[in-house]
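Structure first, commentary second.
The values are calculated or read from the model by the stated rules, or taken from the named source; none is laboratory data. Please read these numbers as outputs of a predicted model, since none were measured by experiment. Note: ideal-geometry Cβ built from the backbone for every residue, glycine included; neighbour counts use all protein chains shown. Quick note on the areas: whole protein, heavy atoms, side chains included, nothing else; ligands and nucleic acids left out. Shrake-Rupley method; radii C 1.70, N 1.55, O 1.52, S 1.80 Å.
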Amino acid sequence: MTRRLPPRTGEWIDRNEKVSFHFEGERVVGFKGDVVSSALLASGHRTLARSFKYHRPRGVLSFANHDANVLLEHDARTHIRGDVELAENGRRYRAVNTWGGLKFDRWQLIRLLAPFLPVGFYYKAFYRPRFLFPLWERLIRRAAGLGRVDFNASTERQPRRHDYCDVLIIGAGAAGLAAAHALADSGLTVMVSDENPRFGGSLDYLHSNDDHAQAFKHEALQAIETSTTVKTLPGYFAAGYYADNSVALVGPDGVLYVHARTVIVATGAYEQPAVFRNNDAPGVMLASAAARLAYRYAVAPFENACVIAGNDDAYTTALELQHAGLSISAVIDIGDPATCASRAAAAIAAGIQVIPNAEISHADTRRGELAAIVIRCGTERAEQRIECDGVLMSVGWVPAAGLLYQAGGKIDYDDVLQQVVPTTLPDGVFAAGRVNGFHELSARVADGRAAASEASTYLGSTVARANRPSRAQHAHSHAYPISRHARGNEFVDFDEDIVVGDLETAWREGFDSVELMKRYSTIGMGPSQGKTSNMNGVRVLARLNDQAVGAIGVTTTRPFTHPIAMGKLAGRRIRRQWRTPMHTFHTDHHADVTEAGTWLRPMSYAAASPASAVHREYRQVREAVGVIDVSTLGKIELFGRDVIALLEYAYTCSFDKLAPHMSRYIFMVDSSGSLVDDGVAARFSDEHFYITATSSHAQTVVRQLQLFADQLALEVTIIDRTFQVGAINLAGPRSREVLERLTDIDVSDAAFPYLAVRGATVAGVSTRLLRVGFVGELGYEIHAPANSCIALWQALMEAGDEFGIAPFGVAAQRLLRLEKGHLIFGQDTDGMTNPFEVNLGWGVRLGKERFVGKHALEVLKPRDARKLIGFERVEESDEPLRECNLIIERGGLVGRVTSVEYSPHRGCVIGLASVSSELSTSARVLQVLLSNGEYAPVKVVELPFYDPGNTRQQAEKPPAAQA
Amino acid sequence: MALRLLKHAFIEDYAEPRWFNTPPELKKTYDIVIIGAGGHGLACAHYLARDHGLHNIAVLDASYIGGGNTGRNTTIIRSNYLTPEGIKFYADSMTLFTELSDDLETNIFYSERGHFTLAHNESTLRTSRWRAEMNKFYAVDSEVVDPDEILRTCPQLRIDCGGNHPIEGALFHPPGAVARHDAVAWGYAKQASKRGVEIHQHTPVTDILVENGQVTGVVTPRGTISTRKVMCAVAGHTPEVMAMAGLPSPIEIFPLQACVTEPMKPWLDTIIVSGSLHLYVSQSSRGELVMGAALDPMELHSRRSTFEFVTGLCDQVLDLFPFLGGVKVNRQWAGMADMTPDLAPIMGTTPIEGFYLDAGWGTYGFKATPIAGLTMANTVAEGIDDSRIRAFSLGRFDDFNLVGEKGAAAVGH
Amino acid sequence: MKTINCPLLGWRPVSEFTAAGVLEPEPADLGEMSAAQWVFERNNVPMRRTEWWYHGATQLWFKVLRDTATDTIIDVTTARD
């Protein structure tokens, strides 16, 4: 059986090319350009899917991307909307959420339970006895959901793009085209988008026999096409309006995020269904859906249909459909009988039977599909049954005003029009056409021109001034297109299977405001987001509350207009990753390179950093010499008259005693006294400092210093050198000997003492040398231009060759520093640690006039509640002692281990722990609660674990190895 | 099948009694006025009526029942906090939650799904262990697990995380649960109403009257009410209400956004959280993926949505579940969160006699609903702070006695 | 997407900026105020206020007059204006 109409110009299908696919196992042939649903209808299918809750047969409703019942899937994708997605050759489509196929869906038995499943039933059942709930829940989860996700699907990401224009026109129907036409030669940059693949909107299917309308359309399209300032975006829907006139457009190529100076919303209106028993049966559809099917896809969705008329549009659409060759047997007028004759005249003249003053009783079904409509009419209100396989509903409209709500517009119910209309809109946002309450074609066109004129005026440009038309004095929407039936099944929400009785039940139970009713009944919460249900829900509620519809208010319309695939939203996958200048050396030498924040750093020079490798690198540093890449350190240059003032304010210590060419350890706290970051400050002259910050905080510290300088109006220039300068730490008793070979400056302890800084040429590279001691050995940090670092590194390796120099990684560095009792910020401190708690009180100069955190630290200093201690594990055991194991005293929590390592120097496990101060006395034994529940005794020891006299990092001659 | 459903089936037009009253008039005087008809305010009203025999109570709301953060959160319930105060408090909350359906005669769909907080680096793994050790010490079921163990529960998860910062382990909290948020608010409203508490929706409080340091009443557009006790549970609006009582506030308001996908057949049985990726995701019993991210980066008293939120979130979610590229996001929304300096709530008595605060709930208010209601009821009834909330007093800031929840503030909802 | 009128570069996307909020420099003398008040008290009712925003593209701080009820940015000036 084919329901294809004869060819006509302007149809969206290409009859020269066939598309063949399977639907529920049955072969279907359509034409290129067919969407899945149109191909199915053309080949005689009426039931295309099952409903969500009761698994009732469902077919086409809107044919405008809110046929949320017709969700299909094939092997590669799910939730395919049959009414808008093109049929693809060779696909095997099926309806989602059936059990055993569409025809004999076993889930439909659930309908027998429907009387037991009133709205909100799940709040009232399944919770007693409690142990049974998980069982019920499993059943509920089994029935829940629609499509099935394919876990093997490949990631589909589409790039997100940005674009800019003066005027964005959303919707290329009559109003949008009129606006675009008016602006085509204005010189303003214009973008026009429409969710359909072709521009024209209802001009194509509700006015296709109107020569004036067609002439207008062709003229407008031509003007747009020839204009160099108008960009067209067919197939792009506006998903949401966001701040500052940004609109997310979604199309076949992904997301186009448009930032417009003005936006004209010409999105039209959603036609609304009538609510009566069995209004969900396949064959019952919106009148505009039938028109779209007939004119775009040349499909006759029925043999013989009745039109339910609640407005004038019903008659024009009936005539339009008749013109397309469809059989309309009757128009059932449920509107005001007094005015029926005038609106019906043309239809009657065209031979269509008109039944005035009618009410809908119900639809009759045969095998789940529409068979007849039963009405009451005449003075007797006798029931009359009209056999038909199509019922077309034309009872009203709801403006597609979601974007206007999101833009902050005010939208109110108009009692004359019986619909909501925008009343006030924010600056730069304009509405035009049906969304603005105009239904007559001429008014929509005039309104579009007026919107264009207002937008150009707003932009300081001018096009031919056009005034807004005045709104019609009669409604295009029926005030209450809802007929209750004693046996129910009058569907208000098709997505969620909600009938009028459900709303009544919700109302009786106290859910009597629009928001509560929505949440309790779930009306409007399905995939079509209430486009065809919210308004009827509000009408039902208003009647129940005995309130005016306008007093009810509406629920907020949130983004998105239509659901959007996550792969389109996600855009390209972009991840930052920073590599140091020595990166290729590390990878060439099989380093265990891992991500440390954004940086890549070598943990050790052996895959997976086994303890043996870490200990080898450790010994290298303790006994001879090693090099570590510390280029990830933040490096900040500070110049200017007020540099000291800035540092004094930003850091806790005092800089007055720091002589030029010397450095010191520094740390900063926030205003609440919590430690933020640490580093080294090197002074090169009175007005020139070079400081370091931790790898993860470098940018924050730069920003913070800049802020302080701005706030205090200090004369300081701050330059972030982090990426321009690399850094190498050369450490170990033989480090001086290595350095000596590569530089001409005197590196003797007398000439270049501990904590001194020097500018020097090393291996021909201009560098800064800092004598540091983080790992507890004689050592130099060599800072050099990033592009010279690898050469410098190689030179160090060659010069150190005779001492057995080797690179060491972060893991060995951590062990070395732990033996030295140096803390790692973020590991031995947490987000609320103050300096006094971690033995850094010596670096806080409360006597300074002013610095960040001073007032808090004054309060915190006498607190002395917890203290960072060093400990040794007393007994050997296989059960590891881990970082973050707790310390327990008499059953109470008294502390936490922050760092743990096996110390080759001490020959036992050592660590740092934050404990209550009264327990911090040396030699005290504490109990650590291990992860397995056992306790391990540890002994508090003095810090540091290694070289308490600091002789090694200051020594003139290499001392004997202590490791 | 519940008798209640049988009645629906066989009695024509059967409906249960109204869940909550909507008295037409405000009285001139109430013993207690609760500002905010969200989960917390209604729970407090319920426990005041049930446990303390106080019935002359009005719950006022500027909007509708459960319309604030109660109806906007992603309903995750857990007790794997970091501080002793936090762990014990939320553990008590979970105990109450497990019995709540029965107590409220309303199925709140409390569903234990297990809760994974993924660790993508060493320091998060360390923090996870810190939380696990603290949790275990206070008898909360919580442990650090390795990637294999995560995969056993959630085989669809991509451990390599798209190529950057692979998952190294997770904090696993088996009792982690979700619940139907609206039902919690409605259930409390129902029980409170039953005991005579009045719920006045669409009744904003515009001022709080204080004389000599003692609350004497509240002002609304429907008239002034005299009362000696006011309980404020208005997450997202706390600074404004505190200002009405003349109190300065340490709270900052940040938007928190969320979104849901179209409903699909349930496949994700656990709750997945990643602090590093700033996301959390679970699948509801309707089949929708409920997803959220970190707070918006600027203070704002508004519930506007941003496109950056939803695009950023999807970008990260696809690292964990790359096969979701074709799954569609249906709707996004936002709430407003009260953020405190130490990421712990502010509860109990205040320097104003008769003014009680239940505030500062950050992103974790829903999971505290029952225990907050219970302890606030005790506090309001007795006029002194319940022992369980002493650590959360407003006065702690005066003394720098902060709660250490911020110590390891990875995102975790 | 919000756009902010950078005094140097013109309209730029908000993603280039980091909002730091109202930040007063720590005074040497708190006067009547206690340390706790200085550190913790906020005035966070919805209002128009001047905030510090950092702009990554210019690496500069700006003073931004913003309405925290509507997120409307009323004025942007360079830090030292």
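Yes or no: the stretch A:83-91 includes at least one residue that is closer than 17 Å to B:Gly287 by Cα and surrounded by fewer than 15 Cβ atoms within 10 Å (Cβ to Cβ). No - not one qualifying residue is present in the stretch A:83-91.
Pairing residues of the stretch A:767-778 that are assigned by TED's automatic domain parsing to the domain that holds A:Ala681 with residues that are among the hydrophobic types (A, V, I, L, M, F, W, C), at Cβ distances under 6 Å and at least 6 apart in sequence or on separate chains, gives no pairs at all.
Every residue in the stretch B:19-43 that is within 25 Å of the chain's Cα centre (by Cα), of a type outside the set (Phe, Trp, Tyr) and within 14 Å of chain A (Cβ to nearest Cβ), please.
Taking the stretch B:19-43 and keeping what is within 25 Å of the chain's Cα centre (by Cα), we get B:19-22, B:32-43.
The next check asks that each one be of a type outside the set (Phe, Trp, Tyr); those that pass are B:21-22, B:32-43.
Answer for the stretch B:19-43, where residues must be within 25 Å of the chain's Cα centre (by Cα), of a type outside the set (Phe, Trp, Tyr) and within 14 Å of chain A (Cβ to nearest Cβ): B:Asn21, B:Thr22, B:Ala37, B:Gly38, B:Gly39, B:Leu42.
Residue pairs whose Cβ atoms lie under 6 Å apart, separated by 6 or more positions or on different chains, with the first residue in the stretch B:59-73 and within 8 Å of chain A (Cβ to nearest Cβ) and crowded, with 24+ Cβ neighbours inside 10 Å and the second of a type in the set (Lys, Arg) and part of a loop (DSSP other than H, G, I, E, B), do not occur.
Output the residue which, of all residues in the stretch C:64-81 that are more than 9 Å from every other protein chain (Cβ to nearest Cβ) and charged (D, E, K, R), is farthest from B:Met298 (Cα to Cα). Taking the candidates together, the pick is C:Asp81. Given the criteria open to solvent by 10 Å² or more (accessible area, probe 1.4 Å), in contact with a Pro (Cβ under 7 Å, 6 or more places away or on another chain) and at the interface with chain A (Cβ under 9 Å from one of its Cβ atoms), does B:Glu105 qualify? Against the criterion (open to solvent by 10 Å² or more (accessible area, probe 1.4 Å), in contact with a Pro (Cβ under 7 Å, 6 or more places away or on another chain) and at the interface with chain A (Cβ under 9 Å from one of its Cβ atoms)), B:Glu105 does not qualify. Can B:Ala9 be described as free of Cβ contacts under 8 Å to residues at least 24 places away in the same chain, among the small types (Gly, Ala, Ser) and outside any loop (DSSP other than H, G, I, E, B)? It is true that B:Ala9 is free of Cβ contacts under 8 Å to residues at least 24 places away in the same chain, among the small types (Gly, Ala, Ser) and outside any loop (DSSP other than H, G, I, E, B).
One line per residue, one yes/no per condition, for (1) away from chain A (no Cβ under 14 Å); (2) part of a helix (DSSP H, G or I):
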{"position": "B:Arg331", "(1), (2)": "no, no"}
{"position": "B:Gly335", "(1), (2)": "no, no"}
{"position": "B:Asp342", "(1), (2)": "no, no"}
{"position": "B:Pro351", "(1), (2)": "yes, no"}
{"position": "B:Tyr356", "(1), (2)": "yes, no"}
{"position": "B:Thr369", "(1), (2)": "yes, yes"}
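Report yes if some residue within the stretch B:88-98 is open to solvent by 10 Å² or more (accessible area, probe 1.4 Å), of a type outside the set (Val, Ile, Thr) and within 9 Å of chain A (Cβ to nearest Cβ); otherwise report no. No - not one qualifying residue is present in the stretch B:88-98.
Please go through the stretch A:848-876 and give me each residue that is more than 12 Å from every other protein chain (Cβ to nearest Cβ) and open to solvent by 20 Å² or more (accessible area, probe 1.4 Å), ordered by number.
A:Asp864, A:Lys867, A:Glu872, A:Arg873, A:Val874, A:Glu875, A:Glu876
Go through the stretch B:289-299 and give me each residue that's within 12 Å of chain A (Cβ to nearest Cβ) and either crowded, with 23+ Cβ neighbours inside 10 Å or more than 20 Å from the chain's Cα centre (by Cα) (or both). B:Leu289, B:Met291, B:Met298 - these are the residues of the stretch B:289-299 that are within 12 Å of chain A (Cβ to nearest Cβ) and either crowded, with 23+ Cβ neighbours inside 10 Å or more than 20 Å from the chain's Cα centre (by Cα) (or both). Applying the criterion of at least 3 residues that are within 14 Å of chain B (Cβ to nearest Cβ) to the helices (runs of 4 or more DSSP H) found wholly in the stretch A:435-551 leaves A:500-508, A:514-521, A:534-545.
Got at least one residue in the stretch A:330-339 being of a type in the set (Asp, Glu), out of contact with any Lys or Arg (no Cβ under 9 Å at 6 or more places or on another chain) and open to solvent by 60 Å² or more (accessible area, probe 1.4 Å)?
For the stretch A:330-339, residues of a type in the set (Asp, Glu), out of contact with any Lys or Arg (no Cβ under 9 Å at 6 or more places or on another chain) and open to solvent by 60 Å² or more (accessible area, probe 1.4 Å): present.
No other residue among B:Ser249, B:Ser302, B:Ser274, B:Ser284 is in contact with a strand residue (DSSP E or B) (Cβ under 9 Å, 6 or more places away or on another chain), more than 9 Å from chain A (Cβ to nearest Cβ) and surrounded by fewer than 23 Cβ atoms within 10 Å (Cβ to Cβ) apart from B:Ser302.
Kindly indicate whether A:Asn89 is within 14 Å of chain B (Cβ to nearest Cβ), of a type in the set (S, T, N, Q) and within 35 Å of the chain's Cα centre (by Cα). Taking the combined requirement at face value, the residue does not satisfy it.
Give all pairs with beta carbons closer than 7 Å in which a residue from the stretch A:120-141 that is more than 8 Å from chain B (Cβ to nearest Cβ) meets a residue that is modelled with pLDDT of 85 or more and part of a helix (DSSP H, G or I); count only pairs at least 6 apart in sequence or on separate chains. Cβ pairs passing all conditions: A:Gly120/A:Ala506; A:Gly120/A:Tyr520. For the stretch A:734-777, enumerate the residues that are closer than 17 Å to A:Ala806 by Cβ and either open to solvent by less than 10 Å² (accessible area, probe 1.4 Å) or among the aromatic types (Phe, Trp, Tyr) (or both). Passing the criteria: A:Ser735, A:Val738, A:Leu739, A:Val775, A:Glu777.
Residues checked against (1) within 14 Å of chain A (Cβ to nearest Cβ); (2) within 30 Å of B:Gln283 (Cα to Cα); (3) in contact with an Asp or Glu (Cβ under 8 Å, 6 or more places away or on another chain); (4) open to solvent by less than 10 Å² (accessible area, probe 1.4 Å):
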{"position": "B:Glu198", "(1), (2), (3), (4)": "yes, no, no, no"}
{"position": "B:Gln201", "(1), (2), (3), (4)": "yes, no, yes, no"}
{"position": "B:Asp207", "(1), (2), (3), (4)": "no, no, no, no"}
{"position": "B:Gln214", "(1), (2), (3), (4)": "no, no, yes, no"}
{"position": "B:Val219", "(1), (2), (3), (4)": "no, no, yes, no"}
{"position": "B:Thr227", "(1), (2), (3), (4)": "no, no, yes, yes"}
{"position": "B:His237", "(1), (2), (3), (4)": "no, yes, no, no"}
{"position": "B:Ile253", "(1), (2), (3), (4)": "no, yes, yes, yes"}
{"position": "B:Ala258", "(1), (2), (3), (4)": "yes, yes, no, yes"}
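Pairs are defined by a Cβ separation below 7 Å, a sequence spacing of at least 6 or placement on different chains, a first member in the stretch A:502-527 that is farther than 30 Å from A:Gly147 by Cβ, and a second member that is at pLDDT below 95; the pairs so defined are A:Arg508/B:Ala15; A:Glu509/B:Ala15; A:Glu509/B:Glu16; A:Glu509/B:Arg18; A:Glu509/B:Trp19; A:Gly510/B:Arg18; A:Gly510/B:Trp19; A:Gly510/B:Phe20.
Taking first residues from the stretch A:1-23 that are within 19 Å of A:Ala324 (Cβ to Cβ) and partners that are among the charged types (D, E, K, R) and open to solvent by less than 50 Å² (accessible area, probe 1.4 Å), the Cβ contacts under 7 Å between residues at least 6 apart in sequence or on separate chains come to A:Gly10/A:Asp204; A:Glu11/A:Arg296; A:Trp12/A:Arg296; A:Ile13/A:Asp34.
Here A:Thr229 passes the criteria (1) in contact with a Ser or Thr (Cβ under 6 Å, 6 or more places away or on another chain); (2) within 14 Å of chain B (Cβ to nearest Cβ); (3) over 30 Å from C:Asp71 (Cβ atoms) except the one numbered (2). Within the stretch B:287-329, being within 30 Å of B:Pro341 (Cβ to Cβ), in contact with a Ser or Thr (Cβ under 8 Å, 6 or more places away or on another chain) and among the β-branched types (Val, Ile, Thr) holds for one residue alone: B:Val290. Checking each residue in the stretch B:362-385 for being open to solvent by less than 20 Å² (accessible area, probe 1.4 Å), under 22 Å from B:Val215 (Cβ atoms) and of a type outside the set (Gly, Ala, Ser) picks out B:Thr375, B:Met376, B:Thr379, B:Val380. Criterion first (open to solvent by less than 10 Å² (accessible area, probe 1.4 Å), of a type in the set (A, V, I, L, M), over 30 Å from B:Leu151 (Cα atoms) and part of a helix (DSSP H, G or I)) does B:Val317 satisfy it? Considered against the rule, which asks whether it is open to solvent by less than 10 Å² (accessible area, probe 1.4 Å), of a type in the set (A, V, I, L, M), over 30 Å from B:Leu151 (Cα atoms) and part of a helix (DSSP H, G or I), B:Val317 comes out as no. A:Ala799 fulfils the conditions (1) in contact with a strand residue (DSSP E or B) (Cβ under 7 Å, 6 or more places away or on another chain); (2) buried (at least 18 other Cβ atoms within 10 Å of the Cβ) except for a single criterion, (1).
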